[in-house]
Amino acid sequence: MNKKGSSLLETRRWNRVLIKNMIFRTENATRTGIAEALGLTLPTITTSVNEMLSEGILEEIPMAENNLVNAMGRRPASIAFRADTACAVGVELGPYATSAVLLNMKGKVIAFSEEAPGAENYDKMLQNIKGQIRKLMRFAEEKRFLGVGIGLPGFIDCGSGVIRSNLRQEWVGKHLAEDLQGILNVPVIIDNNVRIRAIGYEMSSHKIKADTFAYLFVSKGVACPLMVKNDIISGCTSGAGELGRTIVSFHKDGKTIQKTVDDVGSERAIFEKCQEKLLQGAAPKLRERLDEKGRLTIQDILDAQRDGDEDVIQVMDEAVGFLGIALANVVNLINPGFVVVDGYIMKEKPNREKLLRTAKANFYGLNEEEVQIFFQPYDSGWGAKGAAYFAISKLFLEC
């Protein structure tokens with residue numbers, strides 16, 4: 001084939017990729033709206049959309065009357081993917097559990113499972129998630145199944161599927177994507193779990209989105225990746241925007257102290273401070289929640305905070321205050337259109353309010369209207385959903 005013909009085919013392929021992504025991310029997408037958003041001609045959009053309609057992967061949905069531009073004549077239809085066009089499994093190897101979902105093209109969870117956190121032994125972990133994934137794959141039609149997306153903490157080379165850094169030392173250097181793909185005989189892709197959460201939010205939210213947004217995630221560590229024009233700003237071998245490794249300075253007992261954000265604002269830091277309070281004989285309401293082995297959960301801490309334990313309230317107020325300052329630093333540096341905050345501790349209203357107050361008090365030259373802050377409702381399967389959206393993006397929308 002000559003170069004001109006090859007160029008034309010590549011242009012048509014790329015236009016189709018752009019159109020698929022626009023349809024997936026847009027509620028009530030129309031041919032005219034897609035053409036205007038992408039800067040392509042209406043005939044180009046119509047040809048591509050009609051091809052996908054004939055292939056059975058798209059459907060036309062009559063628009064509600066309140067969405068009509070003109071009530072006269074033929075009612076316009078919006079374009080959307082059929083729910084059964086494809087499906088994918090998403091897995092999050094989180095610090096507290098391994099969650100997995102089977103997701104269809106409408107973003108609906110077909111099946112969900114949650115099991116124990118990944119085993120320290122790499123081979124045992126592989127066998128466990130193999131079984132978990134295969135159970136979900138039974139609910140999928142083979143011809144419609146795209147593959148598996150996996151999110152896990154640490155530095156991940158998503159291009160090669162290698163775990164470059166992880167708290168579980170036996171996992172470091174392992175070719176997780178290749179190993180699991182060999183076991184399951186389906187495509188497998190991996191990335192950092194917080195990056196995947198940000199990607200999942202961007203793909204699933206039909207709100208008007210700014211070109212740039214930050215995704216603050218609070219768990220055992222603190223991360224804040226940046227999304228720019230539907231893509232993570234850092235490269236494929238990066239972590240998750242490791243905000244937790246940045247330094248904060250504060251004064252205590254007449255001394256200037258320097259700590260990382262992880263040291264003062266993460267769930268790990270909250271656990272450590274609460275344990276100190278218990279050793280000092282303080283935090284009475286929290287003490288009541290200790291199990292027979294003296295163990296605590298983050299829910300125990302939140303319950304004690306809700307019950308009015310002053311010592312726990314102090315710990316949480318201080319930790320969330322540091323998170324607010326760290327978030328303000330991100331906003332002051334990048335000035336994103338909005339910020340999404342995701343974290344178990346943000347289930348509690350006082351924690352959300354404290355974060356907002358502290359962050360906004362430290363914005364430089366900005367007002368509340370210029371930077372919007374949204375809280376992602378807590379969902380134990382959200383990380384797995386993000387991984388499934390990631391698989392849909394890489395294995396279908398970008399192809």
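The values are calculated or read from the model by the stated rules, or taken from the named source; none is laboratory data. These numbers come from a predicted model, not from an experiment. In this analysis, Cβ positions are derived from the backbone assuming ideal geometry, glycine residues included, and neighbour counts consider all displayed protein chains.
The sole residue among Thr41, Thr98, Thr47 that is at pLDDT 95 or above and farther than 30 Å from Lys143 by Cα is Thr41.
Would you confirm whether any residue within region 317-337 is assigned to a loop (DSSP other than H, G, I, E, B), closer than 15 Å to Phe374 by Cα, in contact (Cβ under 8 Å) with a residue 12 or more places away in the chain and in contact with a helix residue (DSSP H, G or I) (Cβ under 8 Å, 6 or more places away or on another chain)? Within region 317-337 (the criterion being assigned to a loop (DSSP other than H, G, I, E, B), closer than 15 Å to Phe374 by Cα, in contact (Cβ under 8 Å) with a residue 12 or more places away in the chain and in contact with a helix residue (DSSP H, G or I) (Cβ under 8 Å, 6 or more places away or on another chain)), the answer is yes, since at least one residue qualifies.
Residues of region 125-168 that are of a type in the set (S, T, N, Q), in contact (Cβ under 8 Å) with a residue 24 or more places away in the chain and in a helix (DSSP H, G or I): Asn128, Gln132.
Each row is one residue, and each column tells you yes or no for (1) buried (at least 18 other Cβ atoms within 10 Å of the Cβ); (2) under 17 Å from the mean Cα position of the chain (by Cα).
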residue	(1), (2)
Gln305	yes, no
Pro350	no, no
Glu353	no, no
Trp382	yes, yes
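Could you tell me whether any residue of region 252-274 is in contact with a strand residue (DSSP E or B) (Cβ under 7 Å, 6 or more places away or on another chain), at pLDDT 90 or above, assigned to a loop (DSSP other than H, G, I, E, B) and surrounded by 20 or more Cβ atoms within 10 Å (Cβ to Cβ)? Yes, the conditions are met somewhere in region 252-274.
Screening the candidates Gly308, Gly365 for the property of being at pLDDT 95 or above and over 28 Å from Glu92 (Cβ atoms) yields one hit, Gly308. Can you tell me which residue within region 169-195, out of those that are surrounded by 16 or more Cβ atoms within 10 Å (Cβ to Cβ) and assigned to a loop (DSSP other than H, G, I, E, B), is nearest to the chain's Cα centre (by Cα)? It comes out as Pro187.
Any residue in region 18-25 that is touching a Cys at 6+ places or on another chain (Cβ under 8 Å), surrounded by fewer than 18 Cβ atoms within 10 Å (Cβ to Cβ), in contact (Cβ under 8 Å) with a residue 40 or more places away in the chain and part of a helix (DSSP H, G or I)? There is no residue in region 18-25 that is touching a Cys at 6+ places or on another chain (Cβ under 8 Å), surrounded by fewer than 18 Cβ atoms within 10 Å (Cβ to Cβ), in contact (Cβ under 8 Å) with a residue 40 or more places away in the chain and part of a helix (DSSP H, G or I).
Each residue in region 262-287 was checked for being more than 17 Å from Tyr344 (Cβ to Cβ) and in contact (Cβ under 8 Å) with a residue 12 or more places away in the chain, and 8 pass.
Could you please let me know if Asp342 is of a type in the set (Asp, Glu), surrounded by 21 or more Cβ atoms within 10 Å (Cβ to Cβ), farther than 30 Å from Thr11 by Cα and within 20 Å of the chain's Cα centre (by Cα)? Yes: the conditions hold for Asp342. When every residue of region 286-294 is checked against the conditions, none turns out to be at pLDDT 95 or above, closer than 29 Å to Gly241 by Cα and under 32 Å from the mean Cα position of the chain (by Cα). Restricting attention to region 33-50, the residues that are free of Cβ contacts under 8 Å to residues at least 24 places away in the same chain and either crowded, with 17+ Cβ neighbours inside 10 Å or part of a helix (DSSP H, G or I) (or both) add up to 10.
Taken over region 113-166, the criterion of being touching a Lys or Arg at 6+ places or on another chain (Cβ under 6 Å) and not aromatic (Phe, Trp, Tyr) is satisfied by Glu120, Asp157, Ile163.
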